[in-house]
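One structure below.
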Amino acid sequence: MLLLSVVRARAGDAAADWAGRAAATESVDAFCNAYTAAPKHVGRAPLALAESELSHLMAAAPDLRCDRWTVDDAARAVLLLSAAQRNDAKGAEAFVRLAIECYERGDAREQQSWLRAISLLPQPDRFTAVAVDACRTNIIPLFEAIACENPYPARHFPERQFNQLVLKALFNSIALARVVGLSTRVNPDLSRMARDYAAERRAAARPVPSDIAMAMIDDARQELTR
Amino acid sequence: MRIFDPHIHMTSRTTDDYEAMAAAGIVAIVEPAFWLGQPRTTVGSFVDYFNSLVGWERFRASQFGIRHFCTMGLNPKESNNPRLTDEVLALLPRFLDKDGVVAIGEIGFDDQTDAEERSFARQVELARDFNLPVLIHTPHRDKKQGTIRSIEVIRSVGFPEERVLIDHNNEETLPIVLASRCWAGHTIYPNTKMDEQRMAALVQKYGSDRIVVNSAADWGISDPLKVPKTIAVMRAHGVPDATIQKIVWDNPVAFFAQSGRLDLTDIDTCAAVDRSQKFETNSVLRGEQVGR
């Protein structure tokens, strides 16, 4: 597995072997404990992919952006992917239960790792409800883990939930350029919401985010500059 | 001037805040049930939270001479958890008849999902059954649309608008609320929502009928003294004291009195606070401190 070799290159053989063994467990508790313990074994350094690693990853997951991933994010992704492969052979339900349990037991940092990796899981639309709910957090790094540098929302969120995500990004001064696939999902309702938000900011004598037009379809953009 | 803060989450505040609020003239508050920043996963968390609103927190406020009332409800954010919604809504009637519960709230919209709308409408029906007013939270995002939809929900249930307080208004939503018969709340925050200067301007433009202001102080960046600070700014803008008093006392009192449970007896002659009093063997005193 590509990500396992990435972890091995950074954290060494012992750590990578630990990840391999931890991923093989049949117990939900042991799995979740390993997920928690990943940074203890592999560290938390930035992943900083080499050119060749990046091109391999791009071939497998073209719109994933790992710039902000750390080594423990990658190790946790390895755990989930291994569990998916093993469990999906016996029946997909077991993996869905395991993955959701792993998310719900996670602290904010574990949930970030989980969200960063979900687009890589088989049949990722099984986790849309969890991802949508994750957007309701007030913990901004957690929100960013799903909203930014992540292809999942543009691919799997229903329109209304995608629109809420974009508006929440604007509301929290998160650059819309970080929302992967935004240009493919702009829609009249999102335009209207962005226009209303601009009006609300102006009425309050507050600055309008300079990139708000990215949330609008062309007609609305022209109106904004008028 | 006596001050009523009709929306403040004291569970998240310290005794220093209570001291400062009392010193600034705040004598009565309403603490709406809301979410705690971290999603709750079991109904038991709500049992304990609701109990603390009518128990420990009310006692704590009393130790600073402040009359504490509360609203009960399932907030919109956590209404997106279907299992929890059913369990919490089934639990609510146990609390709605308690002393000092002066409304259902804060309910309304967050993401404006169908699940939120169902929970919202069911709780408005509960308010009718228990003869309580309703406190509505308007969303941070897509606020104007959320305000319009909130009024539509009230109308679809056929709930009397004069028993509804729609909160967190801004320049865009206030005219919409005033065009209904609902009351309009304004949350004065350090960075978001509304600020003191803008609030004074809104009062000069729209007057004081059905208008209230609050601090909504909670676990985020907020200020429990925003109501007295807004009074100071309104005065500086030349708003007459009679108008100010209507906004920070008469209006919230009139609104929540519709519950029939807003007991303000002896509010002016509030007895000296005895901090050696106890709530289930606990007092707000620590160690060597001496009660006043």
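Okay, here's what the table says:
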read-out	value
Condition broken by residue A:149, with the remaining ones in (1) touching a Leu at 6+ places or on another chain (Cβ under 9 Å); (2) open to solvent by 20 Å² or more (accessible area, probe 1.4 Å); (3) of a type outside the set (Gly, Ala, Ser); (4) within 14 Å of chain B (Cβ to nearest Cβ) satisfied	(4)
Residue among B:115, B:127 that alone is within 14 Å of chain A (Cβ to nearest Cβ) and small (Gly, Ala, Ser)	B:115
Options B:124, B:101, B:54, B:43: the member that is open to solvent by 10 Å² or more (accessible area, probe 1.4 Å) and either in contact (Cβ under 8 Å) with a residue 60 or more places away in the chain or closer than 23 Å to residue B:260 by Cβ (or both)	B:54
Residue ID - farthest from the chain's Cα centre (by Cα), chosen from residues in region A:133-146 that are more than 9 Å from every other protein chain (Cβ to nearest Cβ) and open to solvent by 20 Å² or more (accessible area, probe 1.4 Å)	A:140
Residues satisfying the stated conditions in region B:167-194, i.e. within 19 Å of residue B:230 (Cα to Cα), out of contact with any His (no Cβ under 7 Å at 6 or more places or on another chain) and either among the aromatic types (Phe, Trp, Tyr) or modelled with pLDDT of 95 or more (or both)	B:170, B:171, B:174, B:183, B:184, B:186, B:188, B:189
Filter result (acidic (Asp, Glu) and crowded, with 19+ Cβ neighbours inside 10 Å) within region B:173-212	B:195, B:196
Search result, residues across region B:213-229 that are open to solvent by less than 30 Å² (accessible area, probe 1.4 Å) and among the β-branched types (Val, Ile, Thr)	B:213, B:227
Positions within region A:85-96 being in contact (Cβ under 8 Å) with a residue 24 or more places away in the chain and either farther than 16 Å from residue A:23 by Cα or basic (Lys, Arg) (or both), in sequence order	A:86, A:92
Residues satisfying the stated conditions in region A:200-221, i.e. surrounded by fewer than 15 Cβ atoms within 10 Å (Cβ to Cβ), among the charged types (D, E, K, R) and in a helix (DSSP H, G or I)	A:202, A:218, A:219
Criterion violated by residue A:128 - all others in (1) over 13 Å from the mean Cα position of the chain (by Cα); (2) over 19 Å from residue A:4 (Cα atoms); (3) not basic (Lys, Arg) satisfied	(1)
First in region A:152-174 and under 18 Å from residue A:191 (Cβ atoms) and at the interface with chain B (Cβ under 10 Å from one of its Cβ atoms), second anywhere and part of a helix (DSSP H, G or I) and modelled with pLDDT under 95, Cβ under 8 Å, 6 or more apart	none
Residue that is nearest to the chain's Cα centre (by Cα), among those in region B:30-49 that are farther than 19 Å from residue A:137 by Cβ and β-branched (Val, Ile, Thr)	B:30
Selected residue (criterion: surrounded by the most Cβ atoms within 10 Å (Cβ to Cβ)) from residues of region B:138-165 that are touching a residue at least 40 places away in the same chain (Cβ under 8 Å), under 19 Å from the mean Cα position of the chain (by Cα) and within 14 Å of chain A (Cβ to nearest Cβ)	B:139
Candidates B:86, B:17, filtered to the one that is of a type in the set (Asp, Glu), over 24 Å from residue B:257 (Cβ atoms), more than 14 Å from every other protein chain (Cβ to nearest Cβ) and surrounded by fewer than 17 Cβ atoms within 10 Å (Cβ to Cβ)	B:86
Helices (runs of 4 or more DSSP H) lying entirely in region A:101-199 (those with 3 or more residues that are under 29 Å from residue B:169 (Cβ atoms), modelled with pLDDT of 95 or more and touching a Pro at 6+ places or on another chain (Cβ under 9 Å))	A:159-171
Complete set of residues in region A:178-194 that are more than 10 Å from chain B (Cβ to nearest Cβ), more than 27 Å from residue A:66 (Cα to Cα) and surrounded by fewer than 20 Cβ atoms within 10 Å (Cβ to Cβ)	A:187, A:188
Members of region B:149-206 that are more than 25 Å from residue A:202 (Cβ to Cβ) and among the β-branched types (Val, Ile, Thr)	B:153, B:154, B:157, B:164
Filter result (open to solvent by less than 40 Å² (accessible area, probe 1.4 Å) and closer than 12 Å to residue A:75 by Cβ) within region A:21-47	A:22, A:23, A:34, A:35, A:37, A:38, A:39, A:42, A:43, A:47
Matching helices (runs of 4 or more DSSP H) fully within region B:210-292 where at least 3 residues are modelled with pLDDT of 90 or more, touching a Phe, Trp or Tyr at 6+ places or on another chain (Cβ under 6 Å) and under 30 Å from residue B:39 (Cα atoms)	none
Filter pass, residue A:75 being more than 30 Å from residue B:143 (Cβ to Cβ) and of a type in the set (A, V, I, L, M)	yes
Number of positions in region B:61-83 that are open to solvent by 10 Å² or more (accessible area, probe 1.4 Å), over 16 Å from residue B:99 (Cβ atoms) and more than 14 Å from chain A (Cβ to nearest Cβ)	2
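For (1) away from chain B (no Cβ under 14 Å); (2) open to solvent by less than 20 Å² (accessible area, probe 1.4 Å); (3) under 27 Å from residue A:62 (Cβ atoms), each residue gets a yes or a no:
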site	(1), (2), (3)
A:91	yes, no, no
A:105	no, no, no
A:108	no, no, no
A:112	yes, no, yes
A:119	yes, yes, yes
A:124	yes, no, yes
A:127	yes, yes, yes
A:131	no, yes, yes
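The values are calculated or read from the model by the stated rules, or taken from the named source; none is laboratory data. It should be emphasised that the depicted structure is a prediction, and the values quoted were computed from it without experimental measurement. All Cβ positions, glycine included, derive from the backbone under ideal geometry; neighbour counts span all protein chains shown. The area values use the complete protein model at the heavy-atom level, side chains included, leaving out ligands, DNA and RNA. Shrake-Rupley method; radii C 1.70, N 1.55, O 1.52, S 1.80 Å.
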